[in-house]
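Here the structure comes first, spelled out in structure tokens, and everything after it is commentary.
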Amino acid sequence: MFRGLSTACSCRFLGVGSFGCWPYLVGAFGKVLKLIATRALLGLATLFAVSVLIFVCTQILPGDVATAVLGQSATKETLAAFRKELGLDVPAYIRFFTWLWRALHGDLGVALTNQRVIIDEIRPRFANTMFLAGYAALIAVPLAVGLGVVAAIREGRPIDRISNILTLMTISVPEFFVGYVLIAIFTVEFGLFPSLATVDADTSFLGRIYVTTLPAVTLTLLVTAHMLRMTRTSVLSVMSSQYIEMAFLKGLTRGRVVAHHALPNAAAPIITVVALNLAYLVVGVVVVEAVFTYPGIGQLMVDAVSKRDVPVIQACGLIFAAVFVGLNTLADILAILVNPRLRHRR
Amino acid sequence: MTLFGYKPPFTAWVGIVIVTVNLLVAVFGPWLTPYGESQSVAGTWDPPSAALWLGADQIGRDMLTRLIYGARMTIGVAMVTTVLSFVMGITTGFVAAVLGGWVDQLLSRLVDVILSIPLLIFALIILGVFGSAIPVLVLTIAFLDSTRVFRLARALAMNLSVLEYVEAARLRGEGIWWIMRREILPNASAPLFSEFGLRFCFNFLFVAALSFLGLGIQPPFADWGGMVRDNAAAISFGMLAPIWPALAISVMTVGVNLVVDWLLSIEARPSGAQAEL
Amino acid sequence: MTTHIRTSASGLPVDRPSASGLIVDRRELMAGAAALGLSSVFAGPALAADTPKKGGTLRLGMAGGSPSDSLDPSTYADSIPIAYSCALWNLLVEIDAKGNATGELAESWEAKPGAVEWIFHLRKGIHFTSGKEFDADDAIFSINLHRGDTKSPAKDLLSPITDIKKIDASTVQITLSGGNADLPFVLSDYHLLMFPAGTTDFSKPDGTGAFTLETWEPGVRVVLKRKAGDYWKPGRGNFDSVEIRYITDAAARTQALMTGQVDAVNRLDPKTTNLVMKNPNINVVRSRGTGNRYAFVAHRDTKPYDNDDVVLGLKYGIDRQKIVDTVFSGFASLGNDHLIGPTNKYFAADLPQRPYDPDKAAFHFKKAGMSGPFDLEVSEGAYSGATDCAVLYQEALKKAGATLNVKRVSGDGYWSNVWLKSPFCAVYWGSRPTADLQLSQTFLSTAAWNDTNWKRPAFDKIIIAARAELDDAKRKQMYFDAQKMISDDAGMICFAVSDYLDGYSKKVKGAEPHARYDLNDQRIAEKGWFA
């Protein structure tokens, strides 16, 4: 299976893979700077593409904000009156370019449904979303990567098996159900944490930590298995490399080999999966928000979609896109930094 | 005991048994059940009894019957979508990594864009344009999922494509397909395999989510994820109804992953590392 | 409704506006529930006799709102906007617990013979927050907000008004295009709030209500604060402040109530209500027959539903009791294929309840020469539980030898894409102020929302005559005939009329069932107090 290795006979293990030598890093920084610059430009292009696509999508979707808001009470006259009031009677492309022009000037406009300033509406919600994502990530990433490494070191031992099966079980349950179960245990049974994660501007930092514990734990349970398994597998898959064998031959302990030799070389897929999961923590938590009544950005987006409130959808879409682009760029940069060969590619 | 010339360890046997039983149930389900798939025979969330071994669901259907029928739909759709998404994701991911340059940029940014478009909008567009048949559901999930597989496959291939043996292959003048197939795929297979086990499980839930929006599996057909959702409210009051389908998904997931782990250990365990075990 | 999508967003369908739903007559209060021996059910007038006390913060956990809620009255369509607007402003007419129209900012009214011209006497000495006294100009301005060139959902309701005139500072005359004895009910519609004349910016509420707006975060919470001094309605406006929290997820709402994180919730899930009732700290208030009417509707001008026997087969082939028992856990009444609720004054009690009769259904299908397959489009966006109802229907029809294909469609845009367009689909109707509105909005040949495409001149004639008929016995007979015609002939398969279910902490007083909306007509903020 690993027939490629026959040609990969050189001294890979000597590089020891990780953040070793300075000359490497200097070269890496040049490359990373260039990459950041390119990515920033491409990122802007991506954001533009996303905004165009989202706008086109919202135009393809049947119905508009007028039919969505008026619902059953929509008649020809009330619809016309509403559309005129909102400026929906002008052609779509003009509306898009008007929006784009304003957005380029930092004005995301007002919500069509209730005329609230979108920036003001989104700011606290985005802060909440990032807070929860950060909280969950702080628990989940060290836990997952740590356990993954331990599982790889102790492959086949009870800790490996148990962490594996437990995380698999938590991941295979729908997210709202994980939330319900945690509420049933920690709120109803023991009364330790509130089931409502209501926060507002006045909530203190500790207060936030307290009320968002259950949602953060829910999210942790949802993302840990993925990262844990990828860490474990990636580490194990480089364990069969010749430089690892060499390290063993040098008499190093298994733990040391894993931490210092295998992990850095296995980092790329781990970083990618961590990035994907971090992105999920930001943009994918709408259901957890609903279960714990947490005022994040996901609920806003879903409501905007159902109401066809295009400027709000656009604003949320841009934020999500920026998160994806940012995290993916970060993942690529980290992958380059930890893998010496990528630093000097061509 | 040996299987195809290998000796699976105990955990692998557990996985193999779970997967086999589930597959058998999926195939022969209709001959095993005492009730019809959507026959309402009891009250809402009636507790388990001699007649209803696992109790009743939210409209009084036999939970066990629904689980058995659900196996067919859920496992089938999840399997097909996962395989498809991996074929798509791995191919594009490898191409991006091996060719690099503008191809990589184009594909990567395209994936950024697709990932950035809210799933809800995406699903609604698909529904509106292509309708709600099961093949549409399968293709939608496979496509969306392939973007995530792409990210992983690309990262793996990136790492590998700078190794000597790949460079050597390049210098020998091997074609890109040859390099991808003979040099990269074998060496990236472990993480990809592991990812497959998880994506397979995610897709159980994904199927349910999209079905709820009206895409794909239609009532009265059962799917496990949907069953958890429909019965979820009961858990707050300590009733077990949603536990069964959740357990079914969990057990299947664990089973599949145990098998995957075993396959990985067959493939990726030449010499030295094993000596340490 | 619970939805879940792991990856990025979920499809919470638009909550369908239930227009101006109110019913005019009393319904049995808690008799039914008491008969069932439900211990923690609201105990009746005993609580109402308690003396209201001031103080405290009422925390309401509510469904029925979204981040796009606004303070503009022409956008209201759901529970939360109704709840906060009733606390900030007042209407001219209020509906009492038994469903009678009583004065709010209008002290009294009289109709000239023929009920074409109406005089409304306004209450004097009531002030807006800004200090301005409420008068006839404000009333006229506020009603006119919903007439003419407007997007207001109340526009149709007010279309019979031809003229509104100020007689003096506290008297208004309203002229209609035709006699309508139900005008006060029309004016109790929740859109018709009273603003100071000339208001253009609704985002800074200036009302005559008991509260002022403290915090406005639609989709998250709305905090209201009691105005200083005594509220002009004696015994009301007791809480120091009221916090409405948006809790869309039914399970989350129930848990919040059970664990004391909120004091009251609306829209309990009927499936778990029996379990909530077991909690000793919680009152469940059940308003019978005031909830939505759940139905499947078939277009009578489209094959195969243009065949009378097909429609009758479909009507006999649905097991209503089974649906009420399982999907609604008994918290609903059987529907009899017309939309008048069982507690309405004009409800055709003598009209036999259509039974589930597979043989009869099979007979009709045979006579029609076809037994499906019928394609029924449903969605959780139509109403929560629609899919379950359809699946039970499918099973019931099997016994009649008929095939029903249940097609689940997206909840997103259901009301604009599926309803009125699909020949056979799920629908719910809110209850309406009067029998006339309830029937004419849905079944008149000219009705915009005639969702069965059922056009019968004979029926139209009865409805229009009933409007003008002032002899109650004759009117009753007319509505009986109308209901019978609908039940036998229209494509309306209305199988359940649900109950409103509120949950209260036991310390909240003033929590009664109401003839119109849940949470004591969405006025628990104004009407309630802490023990």
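Data table
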{"read-out": "Boolean, B:Gly131 is open to solvent by 40 Å² or more (accessible area, probe 1.4 Å) and of a type outside the set (S, T, N, Q)", "value": "no"}
{"read-out": "Matching option when the condition is surrounded by 24 or more Cβ atoms within 10 Å (Cβ to Cβ) and among the basic types (Lys, Arg), among C:Arg300, C:Arg253", "value": "C:Arg253"}
{"read-out": "Filter result for the condition that a residue is away from chain C (no Cβ under 12 Å) and either closer than 19 Å to B:Ile121 by Cβ or open to solvent by 30 Å² or more (accessible area, probe 1.4 Å) (or both), over A:Val90, A:Val69", "value": "A:Val90"}
{"read-out": "Matching residues, region C:58-108, being polar (S, T, N, Q), open to solvent by 10 Å² or more (accessible area, probe 1.4 Å) and over 28 Å from C:Ser384 (Cα atoms)", "value": "C:Asn100, C:Thr102, C:Ser108"}
{"read-out": "Check on A:Ala151, surrounded by 23 or more Cβ atoms within 10 Å (Cβ to Cβ), among the aliphatic types (A, V, I, L, M) and more than 14 Å from chain C (Cβ to nearest Cβ)", "value": "yes"}
{"read-out": "Qualifying residue in region B:79-96 (condition: more than 23 Å from the chain's Cα centre (by Cα), at pLDDT 85 or above and either among the hydrophobic types (A, V, I, L, M, F, W, C) or crowded, with 24+ Cβ neighbours inside 10 Å (or both))", "value": "yes"}
{"read-out": "Criterion violated by B:Gln218 - all others in (1) out of contact with any strand residue (DSSP E or B) (no Cβ under 6 Å at 6 or more places or on another chain); (2) surrounded by fewer than 24 Cβ atoms within 10 Å (Cβ to Cβ); (3) polar (S, T, N, Q); (4) more than 7 Å from chain A (Cβ to nearest Cβ) satisfied", "value": "(1)"}
{"read-out": "Condition met for C:Leu275 (in contact (Cβ under 8 Å) with a residue 24 or more places away in the chain and either part of a strand (DSSP E or B) or touching a helix residue (DSSP H, G or I) at 6+ places or on another chain (Cβ under 8 Å) (or both))", "value": "no"}
{"read-out": "Subset of region C:157-168 that is surrounded by fewer than 20 Cβ atoms within 10 Å (Cβ to Cβ) and without any contact (Cβ under 8 Å) to a residue 40 or more places away in the chain - its residue that is farthest from the other protein chains (Cβ to nearest Cβ)", "value": "C:Asp168"}
{"read-out": "Unmet criterion (only one of (1) crowded, with 21+ Cβ neighbours inside 10 Å; (2) touching a helix residue (DSSP H, G or I) at 6+ places or on another chain (Cβ under 9 Å); (3) of a type outside the set (Val, Ile, Thr); (4) away from chain B (no Cβ under 14 Å)) for C:Gly289", "value": "(2)"}
{"read-out": "Qualifying helices (runs of 4 or more DSSP H) (wholly inside region C:63-176; at least 2 residues being of a type outside the set (S, T, N, Q) and in contact with a His (Cβ under 6 Å, 6 or more places away or on another chain))", "value": "C:155-158"}
{"read-out": "The lone exception for C:Gln353 - which of (1) more than 23 Å from C:Asn292 (Cβ to Cβ); (2) in contact with a Leu (Cβ under 7 Å, 6 or more places away or on another chain); (3) part of a loop (DSSP other than H, G, I, E, B) it fails", "value": "(1)"}
{"read-out": "Test: residue in region C:504-514 that is open to solvent by 10 Å² or more (accessible area, probe 1.4 Å) and of a type in the set (A, V, I, L, M, F, W, C)", "value": "no"}
{"read-out": "Those residues of region B:97-112 which are buried (at least 22 other Cβ atoms within 10 Å of the Cβ) and hydrophobic (A, V, I, L, M, F, W, C), in sequence order", "value": "B:Ala97, B:Val98, B:Val111"}
{"read-out": "Some residue of region B:170-180 being within 8 Å of another protein chain (Cβ to nearest Cβ) and either over 26 Å from C:Tyr393 (Cα atoms) or crowded, with 24+ Cβ neighbours inside 10 Å (or both)", "value": "no"}
{"read-out": "Subset of region C:351-402 [at pLDDT 95 or above, hydroxyl-bearing (Ser, Thr, Tyr) and over 26 Å from the mean Cα position of the chain (by Cα)]", "value": "C:Tyr356"}
{"read-out": "Test result for A:Ile209, under 28 Å from B:Met227 (Cα atoms) and open to solvent by 10 Å² or more (accessible area, probe 1.4 Å)", "value": "no"}
{"read-out": "Residue in region B:77-88 that is out of contact with any His (no Cβ under 9 Å at 6 or more places or on another chain), in contact (Cβ under 8 Å) with a residue 12 or more places away in the chain and farther than 30 Å from B:Thr20 by Cα present", "value": "no"}
{"read-out": "Within region B:137-166, considering residues that are open to solvent by 30 Å² or more (accessible area, probe 1.4 Å) and more than 9 Å from every other protein chain (Cβ to nearest Cβ), the one nearest to B:Ser189 (Cα to Cα)", "value": "B:Phe143"}
{"read-out": "Test: residue in region A:156-169 that is open to solvent by less than 40 Å² (accessible area, probe 1.4 Å) and within 22 Å of A:Val285 (Cβ to Cβ)", "value": "yes"}
{"read-out": "Residues located in region A:154-171, provided they are facing another protein chain (nearest Cβ under 8 Å) and of a type in the set (D, E, K, R)", "value": "A:Glu155, A:Arg161"}
{"read-out": "Residue identified as more than 14 Å from every other protein chain (Cβ to nearest Cβ), without any contact (Cβ under 8 Å) to a residue 12 or more places away in the chain and at positive phi among A:Gly146, A:Gly106", "value": "A:Gly106"}
{"read-out": "Test set (1) among the polar types (S, T, N, Q); (2) within 30 Å of B:Leu120 (Cβ to Cβ); (3) in contact with a strand residue (DSSP E or B) (Cβ under 7 Å, 6 or more places away or on another chain) - C:Ser416 fails condition number", "value": "(3)"}
{"read-out": "Residues of region C:450-475 satisfying the condition of being buried (at least 17 other Cβ atoms within 10 Å of the Cβ) and assigned to a helix (DSSP H, G or I)", "value": "C:Phe459, C:Asp460, C:Ile462, C:Ile463, C:Ala466, C:Arg467, C:Arg475"}
{"read-out": "All positions within region B:181-206 that are touching a residue at least 24 places away in the same chain (Cβ under 8 Å), over 10 Å from the mean Cα position of the chain (by Cα) and more than 7 Å from every other protein chain (Cβ to nearest Cβ)", "value": "B:Ile184, B:Leu185, B:Ala188, B:Ser189, B:Leu192, B:Phe193"}
{"read-out": "Hey, B:Thr74 within 22 Å of B:Ala209 (Cα to Cα), open to solvent by less than 10 Å² (accessible area, probe 1.4 Å) and away from chain A (no Cβ under 12 Å) or not", "value": "no"}
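Table: residues versus (1) at the interface with chain A (Cβ under 10 Å from one of its Cβ atoms); (2) modelled with pLDDT under 50.
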| residue | (1), (2) |
| --- | --- |
| C:Ser10 | yes, yes |
| C:Leu29 | no, yes |
| C:Ala49 | no, no |
| C:Lys53 | no, no |
| C:Gly61 | yes, no |
| C:Ala87 | no, no |
| C:Leu92 | no, no |
| C:Asp96 | no, no |
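The values are calculated or read from the model by the stated rules, or taken from the named source; none is laboratory data. In this text, all values refer to a predicted model and were calculated from it rather than measured experimentally. Virtual Cβ from ideal backbone geometry, glycine too; neighbours counted across all protein chains shown. Note: areas computed on protein heavy atoms with side chains; ligands, DNA, RNA excluded. Shrake-Rupley method; radii C 1.70, N 1.55, O 1.52, S 1.80 Å.
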